[in-house]
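Note sheet for the following structure.
The values are calculated or read from the model by the stated rules, or taken from the named source; none is laboratory data. Since we're looking at a predicted model, the values are computed, not measured. Note that we place each Cβ from the backbone using ideal geometry, even for glycine, and neighbour counts take in every protein chain shown.
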């Protein structure tokens, strides 16, 4: 029997779904992920603990999509990792974010709809966010967890608009600003 993580990664990144089904899955995921981060960033010092199922219910996300959230946030937690490779619904997990690492990783994932959330204003100064943005872009390490976003794809922010009509210009402007300030 496949683990929660294997099931998530198989459907989200490859086998078992048509291109349209996979696109629908990602649109649903991005909308749920955005809501998750809006809540978590309201009080970044809050530590969430419970079973996978309990926390999924707390955030109003089904276990399948919440597995994707746990997979995505795992490298942004303070000093530990959840057992995402082996977890099931009853596995105890903990979410205690490291705000700077989380912001950096959101920039790395090119998730402008997440690192652009207004909740960041109360957590990290504009200067600190700019510094983290430049640091990530200068690192030249690109690790794409998801599929490449093309201009005619639906924007991952969940707006229903094409990427080129939504966040593409913002992402490009942010990259140009970071490049200009790095040189």
Kindly provide the set of residues from the range 106-137 that are touching a helix residue (DSSP H, G or I) at 6+ places or on another chain (Cβ under 7 Å), closer than 13 Å to residue 37 by Cα and without any contact (Cβ under 8 Å) to a residue 40 or more places away in the chain, ordered by number. 106, 115
I want to confirm something. Restricting to the range 2-21 and keeping residues that are in contact with a helix residue (DSSP H, G or I) (Cβ under 8 Å, 6 or more places away or on another chain) and at pLDDT 85 or above, which single residue is nearest to residue 156 (Cα to Cα)? 12
Here are some conditions: (1) on the phi < 0 side of the Ramachandran plot; (2) in a loop (DSSP other than H, G, I, E, B); (3) modelled with pLDDT under 85. Residue 181 meets all but one. Which one does it not meet? (2)
In this structure, does residue 35 turn out to be on the phi > 0 side of the Ramachandran plot and in contact with a helix residue (DSSP H, G or I) (Cβ under 9 Å, 6 or more places away or on another chain)? no
The number of residues in the range 51-84 that are within 22 Å of residue 26 (Cβ to Cβ) and surrounded by fewer than 16 Cβ atoms within 10 Å (Cβ to Cβ) is 3
